[in-house]
Structures are given as structure tokens and as C-alpha cells.
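Reading through the C-alpha cells given below for one structure.
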Amino acid sequence: METKQFKAESRRLLEMMIHSIYTHKEIFLRELISNASDAIDKLYFKSLTDDKVGLNKDDFAIWIKSDPDAKTLTITDNGIGMTEEELENNLGTIANSGSFKFKNENKLEEDSQIIGQFGVGFYSAFMVAKKVTVISKAYGSDKAYKWESEGVDGYTITEAEKNSAGTEIILEMLDDTEDESYSEFLDQYRIKALVKKYSDYIRFPVKMEMSHSRPKEQSEEDKSADKPLEYEDYIEIETLNSMVPLWKKNRSELKDEDYKHFYTEKFYDYNEPLKYSHISNEMPAYNALLYIPSKAPFDYYSREYEKGLQLYSNGVLIMDKCADLLPDYFSFVKGLVDSEDLSLNISREMLQHDRQLKAIAKSIEKTVSSELKKMMKNDRENYEKFWEAFGLQLKYGVYSDYGMHKDKLQELIMFTSSKEKKLVTLDEYVTGMGEEQKYIYYATGESIARIEQLPQTELIRDKGYEILYLTDSVDEFAVKALHQYKDKEFRSVSADDLGIETEDKKEELKAKEEENSGLLTALSEALSGKVAKVVLSQRLRSHPVCLTSEGDISLEMEKVLNSLPNTEKIQAQRVLEINPEHDIFTKLKAISDDKNKLGKYAKLLYDQALLIEGLSVEDPVEFSNLICELM
Ligand code: ADP
């Protein structure tokens with residue numbers, strides 16, 4: 001019999017499990033019961049439309065059997081079972097080994113967090129067992145198989161005997177040590193308590209033979225002789241869990257902990273959710289549990305991430321990730337929806353067109369939106385945490401689909417503001433605007449520190465106006481999609497007209513430009529191909545130059561668009577602005593007859609402007625040579 005090796009990552013994880021400092025060894029039971037319940041869910045769902053399954057709802061159960069003498073604990077289900085191939089794939093590797101690798105290399109989390117995060121449930125058995133045996137028969141298959149492993153050394157799969165579909169998992173418990181007791185998990189009362197604690201809402205009965213003792217019947221004679229009672233053992237089958245799904249319970253019965261427990265277990269997130277809500281809606285009729293995670297899943301901003309809510313029809317799981325229930329901009333929401341009105345044997349395609357489902361989706365969107373607004377208002381600290389994790393997604397939402405959803409999302413958006421460097425909402429910004437301020441100003445750059453140094457912000461800051469700092473690549477696109485908020489237009493600090501200068505000032509600048517038109521033309525000729533034009537700046541105070549752009553594409557957008565794969569290179573129409581009040585301008589005027597020298601100055605000034613803007617100079621060697629030459 002060939003012993004197979006675990007895939008590399010699985011092996012590492014297994015090692016971690018076995019040597020884990022993980023304190024909650026007891027969760028192994030919850031993991032195995034959840035797996036069993038999922039497996040039954042699948043077969044139960046089949047049975048609703050397929051008579052061949054031959055089981056009724058009441059026939060489905062999970063059995064726990066403890067044998068303290070043999071030191072084994074057995075968990076059995078009559079669910080869908082696994083084929084040989086499934087045993088190999090499901091138990092020989094970790095489903096999400098790629099993600100595991102990512103986390104591990106980045107050392108972002110401690111071992112235990114990794115364990116919690118990836119739902120590597122089955123492996124947790126090795127925290128308490130020295131040997132794990134899985135005997136399984138897949139529904140519809142006539143062969144059963146046995147998977148056996150004693151841990152990292154590998155596993156074997158052989159043919160086995162089993163009558164009906166389902167899975168039996170036998171744990172040979174580890175020997176007790178000075179610090180650790182494993183035999184406690186064989187104690188029937190301990191098991192019962194664990195099931196109550198972690199798996200009470202599991203929808204199928206978790207049954208166990210409990211042995212109790214009771215006093216024997218006494219004869220009248222013994223009674224009158226006052227003989228001491230004799231006891232006898234008897235076995236009783238008990239259902240350990242209450243089976244009412246959490247979301248169907250009364251809110252008043254439930255504690256904060258129950259909701260959080262349910263979340264961390266069901267949605268494989270080690271972190272507690274930031275927020276949850278338990279909804280019972282009438283029109284359309286549905287129950288839902290919705291959660292906002294406190295952190296973005298590691299793959300959230302990637303293509304791998306699948307949005308969706310679990311969909312139940314009257315307590316039966318019909319889809320694990322129903323994407324149609326959530327708009328993309330709320331794709332971070334986790335949870336489930338249960339509705340009595342959904343037909344069970346509905347296909348994915350039909351579901352998309354289901355009116356009931358559409359109505360539920362709409363209602364859920366409304367709920368999420370209003371919950372977020374409430375959180376923003378009443379629990380700002382948590383809202384900012386939320387924003388940190390998922391703000392990017394909302395900003396994508398504003399911008400995507402040609403700005404179609406912007407009205408729904410604009411109130412949820414925040415940016416860092418120049419005042420106090422705190423996050424502000426658009427509402428807060430607009431409320432803080434003085435009478436005379438015309439626009440909502442924003443500046444873009446790769447970091448706040450970088451933006452603060454932008455010469456373009458000087459005039460606006462001098463005026464005491466607040467500036468929104470846009471540091472994510474999507475930000476400017478979102479702002480352009482919004483265009484305005486409460487009748488106030490957005491305006492880039494690099495825009496042509498900042499709406500600040502008086503007409504007199506503008507006239508003055510125009511006159512100056514005409515006066516120096518020869519010089520400006522010469523400069524722009526020297527920079528031909530690099531900038532569209534060279535102008536005198538109205539926005540600079542202390543800096544000599546800055547780079548802005550004309551037209552729809554800003555320098556920041558140029559950077560973003562050019563970083564996307566497979567797009568044509570895009571060039572913003574660059575404008576070099578020179579501060580007419582700066583000494584350098586006087587100097588330029590003085591050398592304006594020396595075309596050669598002027599050309600060199602122009603290049604240097606342009607390179608400076610590029611550097612300030614966070615762009616790289618095109619020819620660093622020339623730049624360096626020019627500096628030396630002019631020095
Ligand atoms: P997860 O439950 O997060 O997928 P597990 O390691 O717990 O990870 O289980 C891996 C897979 O093995 C499950 O997704 C399921 O397909 C299969 N599996 C585990 N236990 C059972 C069971 N009792 N019956 C059928 N399939 C099971």
C-alpha cells in the first residue's frame with residue numbers, strides 16, 4: 001500500500017496544527033460537525049428533488065460515539081460522502097493552498113489566525129488525535145474508501161466496506177500529557193457541552209448515546225427493610241443541539257457572542273465582525289444575518305474574491321454564494337438570507353431572473369446602506385475602520401458603470417482632509433466651506449506627505465481652504481464621476497481656474513504674460529514635445545515652478561492609466577507654470593537673449609517640476625550634467 005505525501009503547504013499546516021500553541025483545541029469537534037452538516041445539507045437538498053436518495057428530513061443525523069476504553073471518538077454523518085478522488089483532493093491538500101502560502105510568507109498572522117482564517121477545519125483533528133481514519137462512501141457510488149493518516153508522514157487510501165452514503169471519522173486520541181488532557185474530549189458531558197457551545201444551531205440533530213445510571217426498582221420487602229438503593233446503567237440516545245437556525249431564533253434570545261461566534265465559524269474569519277445585523281423583513285419576506293468584516297479578506301481586491309450571500313429556502317441551503325444578492329460595491333458583506341418564498345429546485349440561471357430574489361437584493365442593499373450611514377453617524381471610530389478596509393471598493397463603486405451608483409454612494413465616501421489630516425465626509429467638507437469658497441478642492445499624489453509638498457496647493461492653503469487629499473489611484477476617477485456634491489463642483493488644485501483670483505489679478509497676470517510672450521514662447525520651444533505650453537502661474541507663492549495639465553486627463557490619471565496592462569500610452573497635456581514673483585523669473589528675463597542658456601534653464605525647471613510631481617526625470621544624466629554646468 002502506497003503512502004502518499006501531503007502537498008507541501010498542507011504538510012506545513014499540519015505540522016503547525018500538531019505542534020500548535022493553539023489554545024482552543026476543543027474547536028476540532030465543531031469543525032468536524034460543521035463538515036458533517038454541510039455534507040448532509042448537500043444530500044438533503046438532493047433528496048428534495050430526487051426520490052432515489054430515499055431519505056426523509058428526519059432520517060438525517062450526525063452521530064457522535066465516544067469509546068473511552070479504546071480512546072476513540074467517532075463522528076458519523078449520512079451526508080453526501082466523498083469519492084476516492086474527493087478524499088484525495090479534499091483531505092490531501094488544502095483547498096486554498098495558494099492563499100495559505102501568501103499569508104505564511106508575509107507573516108501577517110500568527111499560526112492560530114491562519115488556522116481560523118482558512119477553514120482548514122478537518123486538519124484540526126490532528127490537534128487532538130494521533131491517528132485519523134475517514135471512511136466514506138459518496139452518494140451514487142457503489143464503492144467506499146478509507147483514508148488514514150497519522151499526521152505529517154502522509155496518508156493512505158484503500159477500499160473499504162460501507163453500506164450507505166456518508167462519512168465516518170474516527171479519531172484515535174493522543175495520550176494525555178502533564179499539560180494537556182485529551183481524554184477529556186471522550187467524556188460524554190464534555191462533548192455535550194461542546195456541541196451546545198459551538199454547534200447548537202446545526203440544523204440536523206447531533207446525536208449521542210449517553211450512558212446514565214438510575215436506581216433499580218426495589219421490592220416492597222427491600223423498601224421496608226430500608227435497603228440502600230442499587231443503581232443500574234442504561235443508555236439513552238440524546239439529541240445534543242437545539243437545531244433552530246440562529247437566524248430563526250428570537251433576537252431577544254441571542255447574545256452578541258452568539259452572532260459573533262456564528263460569524264467566525266461560518267465565514268472562516270478569525271477576526272470578529274465589525275458589525276452585524278439580524279433582519280426579519282416582511283415585504284419581501286425573508287430573514288437575514290448580515291456581517292461587515294473588520295478586515296478585508298486577503299484576496300478581497302483580487303479577481304479570486306467571490307462575493308455573495310448564502311441563500312436558504314426555508315432553512316435549506318440552496319446556494320453558498322449567491323452573487324445576485326449583493327451589488328459589487330457592497331461585495332464585502334458576508335451573511336445569509338433565508339426566504340420561504342423561493343422555489344427549491346431553481347437553477348442558477350432562473351434565479352437571476354427571479355423577481356422575489358431581486359426584491360430581496362434591493363431590500364438588502366437598502367439595509368446595508370442605511371446601516372453604514374448609521375455607523376458613520378453614531379460610531380465614527382468603527383466606520384473609519386470599515387473605511388480603511390473597504391473604502392476603496394466604495395470608491396470603485398462611485399466610478400464604475402459610468403457613475404450610475406454615485407448618488408447612492410456619495411454620502412458614504414470619505415477622504416483625508418488637509419485640516420488635521422483626518423478623514424472627512426463630503427458633507428462635512430461642504431458644511432465647513434465659507435460663503436466665498438466656490439469649489440471643493442482636491443489634490444492628488446501617492447501619499448499625504450507628498451501632496452503636502454505640492455506647490456500647487458500654496459494659494460488655496462493661503463486662503464485657509466480645506467483640500468481633500470486623494471491618494472488612491474481610483475480617487476480622482478471617482479471624484480470626476482461625482483463631478484459635484486450638493487451643487488459644489490470638485491476642482492483640482494492644478495486646475496486652470498481655481499475660482500480664487502479676482503478679475504483684477506487675472507488681468508494683471510494676462511498683461512504680464514503678454515509682456516513676456518517672447519520669453520514664454522522661447523521656453524516652450526525649448527521644451528517642445530514635453531509640454532503643451534509654458535505659462536505664468538497664479539497659484540504659486542514660494543515655489544519657482546510646477547507642472548499642471550490642460551484638458552480631462554490629469555498627471556495623476558496619466559500615471560494610473562499607463563500602469564494598467566494593455567492600454568495605449570496616454571499623455572496628459574502638460575503645462576509648465578512659472579512663478580512670476582520668483583527670483584528665477586527675473587533671472588530668466590535677464591538671459592532671454594541667450595537661446596542656448598535659456599534652453600538649458602527650461603529643461604532644468606521642467607525636470608524640477610517633474611520631481612516635485614512625483615514623476616521621474618526623462619534623462620537623469622542630462623539633468624545632472626546640466627546642474628554641474630550651471631553651478
Ligand atoms: P472546509 O470545510 O473549509 O472546506 P475542511 O478541511 O474542513 O475545509 O474540509 C475540506 C473538504 O473536505 C470540505 O470542503 C468537504 O468537501 C470535504 N469534507 C470534509 N468533511 C466531510 C464530510 N464529513 N463529508 C463529506 N465531505 C467532507
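Computed over the chain, the per-residue total of -39500 (n - 2.57) for DSSP H runs of n ≥ 4 gives a 222 nm mean residue ellipticity of -11500 deg cm²/dmol, rounded to 500. Which trypsin sites (Lys or Arg not before Pro) in the stretch 145-236 pass both tests, a DSSP loop state and at most 11 other beta-carbon atoms within 10 Å? Counting only loop positions with at most 11 other Cβ atoms within 10 Å, the trypsin sites (Lys or Arg not before Pro) in the stretch 145-236 are 216.
Over the stretch 246-385, accessible surface divided per residue gives 51 Å², non-protein components excluded, 1.4 Å probe. Counting only DSSP beta bridges whose two residues both lie in the chain, roughly 80 percent are antiparallel. Measure off, as a whole percent, the carbon and sulfur share of the 1.4 Å-probe accessible area of the chain, all protein chains present. Taking all protein chains in place, the chain shows 45 percent carbon and sulfur surface. For residue 89 and residue 616, what is the calculated FRET efficiency with R₀ set at 51 Å and r taken between the beta-carbons, to the nearest 0.05? Efficiency for this residue pair is about 0.60. Within the stretch 413-492, antiparallel bridges make up roughly 50 percent of the DSSP beta bridges whose residues both belong there. Averaging the Cα positions of each part gives two centres, and for the stretch 581-604 and the stretch 251-273 these lie 68 Å apart.
Remark: the residue 515-residue 501 segment gains 3.0 nm on full extension, using 0.36 nm per residue and subtracting the alpha carbon distance.
On full extension, the segment bounded by residue 422 and residue 46 gains 130.0 nm, given 0.36 nm per residue less the C-alpha separation. Using a probe of 1.4 angstrom and keeping all protein chains present, the accessible surface of the stretch 515-631 works out to 52 square angstrom per residue. Take the Cα of residue 408, step 7 Å toward its Cβ, do the same at residue 175, and the gap between the two points is 6.2 nm. Shape class of the stretch 490-621 from the Cα gyration tensor (axes a ≥ b ≥ c, square roots of the eigenvalues): oblate, since a/c reaches 1.5 or more and a/b does not exceed b/c.
Under 1.5 on a/c is rounded, so check that first for the stretch 565-626, then, if it is not, pick prolate when a/b is larger than b/c and oblate when it is not; a ≥ b ≥ c are the square roots of the alpha carbon gyration tensor eigenvalues. Since a/c reaches 1.5 and a/b is larger than b/c, the shape of the stretch 565-626 is classed as prolate.
For the chain, the equivalent ellipsoid built from the Cα gyration tensor has semi-axes of 68, 27, 22 Å, listed from largest to smallest.
Accessible area per residue for the stretch 425-507 is 46 Å², calculated with a 1.4 Å probe on protein heavy atoms, without ligands, DNA or RNA. Note on the stretch 25-76: Kirkwood hydrodynamic radius from all Cα pairs is 12.6 Å, rounded to one decimal. Each peptide in 528-538, 34-44, 243-253 was scored by the mean count of other Cβ atoms within 10 Å over its residues; highest first, the order is 34-44, 528-538, 243-253. Ordering 291-301, 63-73 by mean Cβ neighbour count within 10 Å, with the highest value first, yields 291-301, 63-73.
The values are calculated or read from the model by the stated rules, or taken from the named source; none is laboratory data. These figures come from a predicted structure and were not determined experimentally. For neighbour counting, all protein chains shown are included, and Cβ atoms are generated from backbone atoms with ideal geometry for every residue, glycine included. Only protein heavy atoms, including side chains, enter the accessible area calculation; ligands, DNA and RNA are left aside. Shrake-Rupley method; radii C 1.70, N 1.55, O 1.52, S 1.80 Å.
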